[in-house]
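**Student:** Please find one structure pasted underneath; my questions will follow.
The values are calculated or read from the model by the stated rules, or taken from the named source; none is laboratory data. Because the structure is predicted, anything quoted here is derived from the model rather than measured. Virtual Cβ from ideal backbone geometry, glycine too; neighbours counted across all protein chains shown. With ligands, DNA and RNA removed, areas are computed over all heavy atoms of the protein, side chains included. Shrake-Rupley method; radii C 1.70, N 1.55, O 1.52, S 1.80 Å.
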Amino acid sequence: IIIAEIGTDIGATTVEVCKQLDANDVYYCFDYEDKVHTLISDLKLLPEVSCQLVAKGNSHKTLNSYSWSLCKMLFEMRNNNSKGIFDLVYLDGSHSFIHDGLSCCILKELLKDKGIIIFDDMYWSYENRPTCNPKVSPGTSNLFTEEQIKDCQVKRVVEAFMIDDKRFKQIYIKGISNNDRAIFQKD
């Protein structure tokens, strides 16, 4: 199994998933360089984690993101005449259309047939997140318009690039709340 987590942050999801994988499985961590290197160092200390770990970090520059690393992987895949890399992708990135929209388009190509992509925080907005709300963090207003601050940008990504793509079907997992997530499988 080859998994990509886009936006690892402190690694709460990463740790739990990695505990379920074995030594033949690969887990790609996409986030800022400092976060993924610290996370992978910490994961290697856990005896319950035996999977292969790959750090895909980007700098803190405003327009550098995991989209760049994903694009490089797409070109490598094409150069190797391969078809798909990931079995599962968990996209919990920047929650911005500019980064997650581009990443979504690339990830659709990097996903293997029958692979699954999960979009987290469908109804998250910069307005509703205290640390990003322009009243608390004035820098947010320098990055986004008022409409973008109020919008649920992950939902917009799903509606723009996933809903009408005939290569993907939306799936629902019985017994699991899908309220804040959208899950798609590649046919």
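**Student:** Can you pull out the residues in the range 1-30 that are touching a helix residue (DSSP H, G or I) at 6+ places or on another chain (Cβ under 8 Å) and either at positive phi or part of a loop (DSSP other than H, G, I, E, B) (or both)?
**Tutor:** Within the range 1-30, 7, 8, 9, 10, 11 meet the criteria.
**Student:** For the range 45-71, how many residues meet the condition of being more than 16 Å from the chain's Cα centre (by Cα) and either over 12 Å from residue 14 (Cβ atoms) or small (Gly, Ala, Ser) (or both)?
**Tutor:** Qualifying residue count, the range 45-71: 10.
**Student:** OK, next. If a residue must be open to solvent by 90 Å² or more (accessible area, probe 1.4 Å) and in contact with a helix residue (DSSP H, G or I) (Cβ under 9 Å, 6 or more places away or on another chain), how many such residues does the range 147-166 contain?
**Tutor:** The number of residues fulfilling the criteria is 1.
**Student:** I would also like to ask the following. Whether any residue in the range 111-134 is in a helix (DSSP H, G or I), modelled with pLDDT under 95 and open to solvent by 70 Å² or more (accessible area, probe 1.4 Å) is what I want to check.
**Tutor:** Within the range 111-134, none of the residues are in a helix (DSSP H, G or I), modelled with pLDDT under 95 and open to solvent by 70 Å² or more (accessible area, probe 1.4 Å).
**Student:** Go through (1) in contact (Cβ under 8 Å) with a residue 60 or more places away in the chain; (2) farther than 26 Å from residue 173 by Cβ one by one and return the number of the condition residue 115 breaks.
**Tutor:** With (1) in contact (Cβ under 8 Å) with a residue 60 or more places away in the chain; (2) farther than 26 Å from residue 173 by Cβ applied to residue 115, the lone miss is (2).
**Student:** State whether one or more residues within the range 97-107 are in contact with a helix residue (DSSP H, G or I) (Cβ under 6 Å, 6 or more places away or on another chain), surrounded by 19 or more Cβ atoms within 10 Å (Cβ to Cβ) and outside any helix (DSSP H, G or I).
**Tutor:** Scanning the range 97-107, I find no residue that is in contact with a helix residue (DSSP H, G or I) (Cβ under 6 Å, 6 or more places away or on another chain), surrounded by 19 or more Cβ atoms within 10 Å (Cβ to Cβ) and outside any helix (DSSP H, G or I), so the answer is no.
**Student:** Go through the range 142-168 and give me each residue that's closer than 12 Å to residue 108 by Cα and in contact with a Phe, Trp or Tyr (Cβ under 7 Å, 6 or more places away or on another chain).
**Tutor:** Scanning the range 142-168 gives 158, 162, 168.
**Student:** Condition first: open to solvent by 50 Å² or more (accessible area, probe 1.4 Å), of a type in the set (S, T, N, Q) and closer than 23 Å to residue 157 by Cβ. Now tell me which residues in the range 45-66 satisfy that.
**Tutor:** 62
**Student:** Considering 82, 69, which residue is of a type outside the set (D, E, K, R), open to solvent by 10 Å² or more (accessible area, probe 1.4 Å), closer than 23 Å to residue 111 by Cβ and without any contact (Cβ under 8 Å) to a residue 24 or more places away in the chain?
**Tutor:** Within the list 82, 69, the selection yields 82.
**Student:** Please enumerate the residues belonging to the range 77-112 that are in contact with a Lys or Arg (Cβ under 6 Å, 6 or more places away or on another chain) and farther than 15 Å from residue 4 by Cα.
**Tutor:** 97
**Student:** Restricting attention to the range 167-187, which residues are among the small types (Gly, Ala, Ser) and open to solvent by less than 40 Å² (accessible area, probe 1.4 Å)?
**Tutor:** 182
**Student:** Of the residues that make up the range 39-48, is at least one at pLDDT 95 or above, among the polar types (S, T, N, Q) and outside any helix (DSSP H, G or I)?
**Tutor:** no
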